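Mind looking over this structure? Questions follow.
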Amino acid sequence: MHGKCHSRIRRRELQWLAGQVDAGVLRREGYRVLPYAQLAAAVAKARRPGGGRSSLANPAAGVLGVFARHARVAVVGAPCATAADLQVLYGYVLEPAFRSGCALVVTAARPLDDLDATAFYEPEWGCACTLERMRHLAAMYGTPAEVAAPAFVPAWRRLWRQVSRRDDGLPKLAPRLDPEQNAAVAAGDGVVQVIAPAGSGKTTVLVERVRELCRRGTPADRILCSTFNRDACVEIAARLEKAGIPGIGVRSFHGLGLHILKGEGRLRGGLGTTDDDTWRALAEAAADAAGPGARRFDVADAQNVVSLYKLKLMITPEQALARAAGKAPGARAHTASRLYALYEAHLRKRDQLDFDDLIFNAIRLLQDDAAARERWQARFERVLVDEYQDIEPAQALLIGLLAAPHDSLFCVGDEDQCIYAWRRAAVQRVIELDQAYPGLERYPLVRNYRCGRDITHASRRLIRHNTQRFSKPLHAGVRERGRIRVWPLAEARACAAFTARMLDAHADGDGSVAVLARTGRLLEAVGAAGGEALQARVAAGAVELATVHGSKGREWDRVILVGADQGQFPLARTLRPGASAGGGLEDERRLFYVALTRARRRLDVVHTKGKASQFLREAGIGAG
């Protein structure tokens with residue numbers, strides 16, 4: 001339930017009736033009757049895949065509003081013939097009705113207990129996940145209960161409250177939370193998505209949400225916090241410990257997979273990496289086996305090919321070979337699938353797993369072994385995910401499987417900071433989460449507490465040029481103005497030396513400082529220009545040099561962004577005719593947004609005169 005002050009008492013119960021029922025009788029008993037065909041048509045209109053959203057509102061809000069408005073709802077004539085039918089019934093009927101405390105009647109062609117799991121297998125889940133979730137919810141719904149439900153507030157009144165800045169009726173859960181953070185922490189028990197721009201206090205929200213879940217009665221050992229890497233896990237665990245919330249499981253996705261495989265006795269042999277010489281030999285052998293004209297992969301390509309099979313397509317070598325069999329001779333898939341098969345044979349011979357296997361094998365285990373799936377789903381009643389915009393398909397699936405059938409999932413992320421497309425992250429995964437979970441609640445955090453006001457405003461102006469995003473507010477959360485300087489230099493080769501001189505002039509007492517660049521090559525040039533003195537300061541930690549990708553999750557008092565030239569940042573390939581305006585260029589703009597928002601107090605941007613990046617103009621910070 002929500003933490004709303006204003007609520008009403010409802011009687012929550014479910015009647016699943018096989019066969020036909022007189023709709024007139026249901027209406028006389030006070031039920032709002034919805035024919036399934038009418039509901040399905042409304043759902044088809046509400047589904048809105050695609051990256052551009054004019055607002056943060058849930059597209060399904062109009063369909064789901066019936067459960068907030070009516071204490072009794074009946075859906076009649078449900079076919080229950082396909083997995084798609086069940087997806088509509090679960091996502092748009094059972095789950096939102098349960099969260100709203102409704103008395104629900106469903107009349108269907110067959111009893112829920114008679115549905116055969118094999119007939120409702122969902123390839124995207126690798127099991128009959130929706131049927132399992134429906135049965136779990138029906139069991140929870142089984143005993144009628146008096147529950148407190150949030151009072152229905154019409155849309156016009158919610159808008160008026162926002163405009164007039166009236167109190168939203170929520171109790172203050174922690175003194176340091178702003179209203180938007182507090183609303184996210186106090187959200188309901190289902191799927192919650194928090195859109196957290198740079199510097200908006202997402203870790204604070206995550207920690208306070210864990211505290212709130214414990215306050216609602218969830219044991220600490222049944223709460224899972226997961227995020228992308230080990231460093232982030234250490235930070236979150238430390239914050240939880242400092243907040244006096246011990247016993248919470250905090251794991252990276254790889255660590256989570258390792259935990260599952262160990263727990264099930266499925267961790268084969270050792271865990272390690274494969275050296276470059278072996279990769280080259282495997283790639284050559286795969287090309288030879290694929291026949292004349294086959295593509296030959298270098299080491300990086302070979303590694304990416306195998307990761308693609310395991311973490312995006314999530315298929316075995318046998319499945320990959322079968323898919324390639326239908327391709328034309330010389331097609332890339334022939335070499336790729338053979339490489340995958342050879343690589344897996346190499347790992348088996350060495351009795352070894354690679355790091356991708358930790359996730360891939362854990363998923364296959366959960367998909368194929370219903371008993372194991374139930375054990376691990378029962379282990380975690382609440383699942384929280386940080387940096388959701390960074391995860392790839394396999395990680396999202398692993399989290400989804402573990403969160404089911406409870407579907408108490410709290411996702412924190414920001415589509416504007418999705419910068420790892422090359423690692424199979426996708427901005428659509430954040431934006432379209434409401435397509436997988438129609439009843440989700442979405443909460444934006446709207447204040448940047450990290451950056452000076454001018455830096456926040458510049459980053460906001462910049463990112464609004466992207467179309468693959470939510471249209472959302474972003475305000476400065478600090479009084480300090482911040483300082484932005486743009487330095488146009490006559491020649492490109494002068495940029496590195498100029499940056500080195502700025503670093504020489506920066507006193508250690510002026511706060512932390514970092515040099516950021518789009519590519520490692522530019523950083524190397526800065527290091528070479530700065531000589532031994534700069535290298536000594538870097539070694540001592542007084543100055544940091546990082547690519548923008550490598551700066552994600554970090555912040556400094558002063559940031560010097562080097563090489564902000566058109567064709568260099570954004571990269572030239574994103575500007576070529578035919579390049580996708582919503583793809584590469586928007587990826588580059590998100591990366592530039594991340595660069596700007598690493599700076600707390602001062603931002604210096606260095607570029608070649610007359611070649612300024614278009615992003616400077618879009619951010620409104622000048623171009624020379």
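Give the number of residues within segment 450-468 that are of a type outside the set (A, V, I, L, M, F, W, C) and within 22 Å of the chain's Cα centre (by Cα).
8
Hey, among the residues in segment 229-277 that are of a type in the set (D, E, K, R) and under 22 Å from LEU366 (Cβ atoms), which one's surrounded by the most Cβ atoms within 10 Å (Cβ to Cβ)?
ARG251
Right, next: Can you find, within segment 59-111, the residue that is surrounded by the fewest Cβ atoms within 10 Å (Cβ to Cβ) among those that are under 30 Å from PHE470 (Cβ atoms) and basic (Lys, Arg)?
ARG69
Hey, another quick one. Which pairs do you get when a residue that is closer than 29 Å to LEU571 by Cα, found in segment 504-526, comes within reach of a residue that is of a type in the set (Asp, Glu), reach meaning Cβ atoms under 6 angstrom, with the pair 6+ apart or on two chains?
As it stands, the answer is SER512/ASP557; ALA514/GLU544, since those pairs meet every condition given.
When you look at ILE463, is it among the β-branched types (Val, Ile, Thr), within 30 Å of GLY530 (Cβ to Cβ) and either at pLDDT 95 or above or surrounded by fewer than 21 Cβ atoms within 10 Å (Cβ to Cβ) (or both), yes or no?
It is false that ILE463 is among the β-branched types (Val, Ile, Thr), within 30 Å of GLY530 (Cβ to Cβ) and either at pLDDT 95 or above or surrounded by fewer than 21 Cβ atoms within 10 Å (Cβ to Cβ) (or both).
Next question, about the same structure. Within segment 358-366, identify whether any single residue is more than 26 Å from CYS233 (Cβ to Cβ) and surrounded by fewer than 20 Cβ atoms within 10 Å (Cβ to Cβ), and answer yes or no.
No, the conditions are met nowhere in segment 358-366.
Would you mind finding the one in VAL538, VAL559, VAL606 that is at pLDDT below 95, β-branched (Val, Ile, Thr) and either buried (at least 23 other Cβ atoms within 10 Å of the Cβ) or under 27 Å from ASN229 (Cα atoms) (or both)?
After applying the criteria, what remains is VAL538.
Taking interchain pairs and intrachain pairs at least six residues apart, which have beta carbon atoms under 7 angstrom, with the first residue in segment 79-95 and under 19 Å from GLN20 (Cα atoms) and among the polar types (S, T, N, Q) and the second modelled with pLDDT of 95 or more and outside any helix (DSSP H, G or I)?
none
Return the pairs, sorted by first residue and then second, in which the second residue is of a type in the set (Asp, Glu), the first residue lies in segment 343-362 and is modelled with pLDDT of 95 or more, the beta carbons are less than 8 Å apart, and the residues are 6+ apart or on different chains.
Filtered contacts from segment 343-362: LEU347/ASP354; LEU347/ASP357.
Right, here's the next one. Those residues that are open to solvent by 80 Å² or more (accessible area, probe 1.4 Å) and either farther than 12 Å from ARG296 by Cα or of a type in the set (S, T, N, Q) (or both), I need them from segment 326-350; list them, please.
Those that are open to solvent by 80 Å² or more (accessible area, probe 1.4 Å) and either farther than 12 Å from ARG296 by Cα or of a type in the set (S, T, N, Q) (or both): LYS327, PRO329, ARG348, LYS349, ARG350.
Which condition number in (1) open to solvent by less than 10 Å² (accessible area, probe 1.4 Å); (2) assigned to a helix (DSSP H, G or I); (3) closer than 23 Å to LEU462 by Cα is the one that ILE399 fails?
Of the numbered conditions (1) open to solvent by less than 10 Å² (accessible area, probe 1.4 Å); (2) assigned to a helix (DSSP H, G or I); (3) closer than 23 Å to LEU462 by Cα, the odd one out for ILE399 is (3).
Sort out which residues of segment 482-503 are open to solvent by 60 Å² or more (accessible area, probe 1.4 Å) and either under 17 Å from ILE455 (Cβ atoms) or in contact with a helix residue (DSSP H, G or I) (Cβ under 7 Å, 6 or more places away or on another chain) (or both), and write them in order of number.
Across segment 482-503, the qualifying residues are ARG483, ARG485.
The values are calculated or read from the model by the stated rules, or taken from the named source; none is laboratory data. Here the structure is a predicted model, which means the values were calculated and not measured. Please note: Cβ atoms are built from the backbone with ideal geometry, for glycine as well, and neighbour counts cover all protein chains shown. Just so you know, the surface numbers come from the protein's heavy atoms only, side chains and all, with ligands and any DNA or RNA stripped out. Shrake-Rupley method; radii C 1.70, N 1.55, O 1.52, S 1.80 Å.
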